[in-house]
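The structure appears below as structure tokens.
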């Protein structure tokens, strides 16, 4: 059983295990040892988000990597997909210090191999074993973990040269499309998108105004960003037609949500629909297949089917979406939350900035509004309820919970869906219910959530 790595790397409260100095150092040292066996000229690129803890975590993992013989280059504040891009340019691997959409008190570590892909589960398990060996003194070469430095050496500024490489690549993905006359409102979530988004939209000739682009180390995701897309949606609706659409990123900008001119939030399901149709129209939708997740609405599956597109469901987490894409040859996949992966080019992970550019490109080339492009997506009533839990015990081992799920499924009789799972990054159980009526949806959700709260809740 894995104890450190979740569905999106390592995540927790900054300063507490597994994000204390010793464990973070051991993560760097273990990964460096692994890389040293495969690369002679070993150099790792590290990027970070805007949390005040990101600098010292960056320094701790840098110390571990250097102990293992790696050279380290700091990109400064950089998006997660930006680090993935840079890793596959000229580095042995890439590391991101970020907790994505989590509050500022949390942080995390995401690792990319030299090809820009996240590490497979098997390798993470191997690294975990080595990390614990290091922590428990079972590695002779390391007598003791060096003490943490009093002041971080890494700068929060973004490396201009590395930023330019990433921006130029993004701009090239929509080369030939004129964005003249387009105006968007962009929410940077006071996160990693802040220094990058300005440059990307400018390079593409897109008129953009920005909000929540003044990070102070503690305001990342605070009442802004992809957790609160209604903020941009409201601003766009009240702008008097000033903006064609709104874009909102999460803390590390690997996902994006949108709002149409009328102020309606457009999520990842709708993006998969419009992008899937566009790719098919241009003969680029390999296998005429789109990969979504168990959380994607039934309405998306129905709308895609009407367009002659098959939808496959992967487990929750963009790495599992990507695995399914690589297995089937699909070039488009993603999550309702806004992680969208385009594999018709060079992208290897979800990229909020790339997604924004591709959505704008479809709008411009089709000469249709965002609302028009997704108007026929009929969403089944769906709710996701989170329950904080004290332990992640298998639901089938808790009779009260398994009976509640079974009863709910019998009541739906095939006219809806139920997904009950644990979060891969937080101590939460998530109950998702889709039903034909809102009343039934709420009743069944409360039925299952109540059983989890009673048996496993804190």
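Placing dummy labels 7 Å off each Cα toward the beta-carbon, the span from residue 125 to residue 13 is 3.0 nm. Averaging the Cα positions of each part gives two centres, and for segment 396-458 and segment 229-245 these lie 35 Å apart. Annotation: the residues 54, 129, 98, sorted from fewest to most other C-beta atoms within 10 Å of their own C-beta, follow the order 129, 54, 98.
Got the relative contact order for segment 65-175 handy, in percent, Cα pairs under 8 Å and 6 or more residues apart?
Values: 95 pairs, mean separation 30.2, N = 111.
Averaging sequence separation for qualifying contacts and normalising by length gives 27 percent for segment 65-175.
When Rg and Dmax are taken over the Cα atoms of segment 161-373, they come to 16.1, 48 Å. Estimated from the Cβ-Cβ distance and a Förster radius of 30 angstrom, the FRET efficiency linking residue 234 and residue 439 is about 0.60. Ordered by the count of other Cβ atoms within 10 Å of each Cβ, fewest first, 41, 396 give 41, 396. Bridges between two residues of the chain, per DSSP, are antiparallel at a rate of about 55%.
Protection proxy ranking, highest mean first, for peptides 189-197, 112-120: 189-197, 112-120, where packing is the per-residue count of other beta-carbon atoms within 10 Å, averaged.
Normalised by the number of residues in the chain, the average gap of Cα pairs under 8 Å and 6 or more apart makes the relative contact order 13 percent. Could you state the number of Å between the C-alpha centres of segment 1-61 and segment 107-133? Here the two parts' Cα centres lie 9 Å apart. With R₀ fixed at 45 Å, the C-beta to C-beta distance from residue 164 to residue 410 puts the FRET efficiency at about 0.20. Taking 0.36 nm per residue of sequence separation and removing the Cα-Cα distance, the residue 178/residue 375 pair yields an extension gain of 68.5 nm. Between the beta carbons of residue 148 and residue 313, assuming R0 = 51 Å, the FRET efficiency works out to 0.70 to the nearest 0.05. Per residue, the average separation of C-alpha pairs within less than 8 Å and at least 6 apart gives segment 161-373 a relative contact order of 20 percent.
None of the figures in this text is laboratory data; all of them are computed from the coordinates on show. Keep in mind that what you see is a predicted model, and the values were worked out from it rather than measured. Methodologically, a virtual Cβ is constructed for each residue, glycine included, from the backbone with ideal geometry; neighbour enumeration extends over all protein chains shown.
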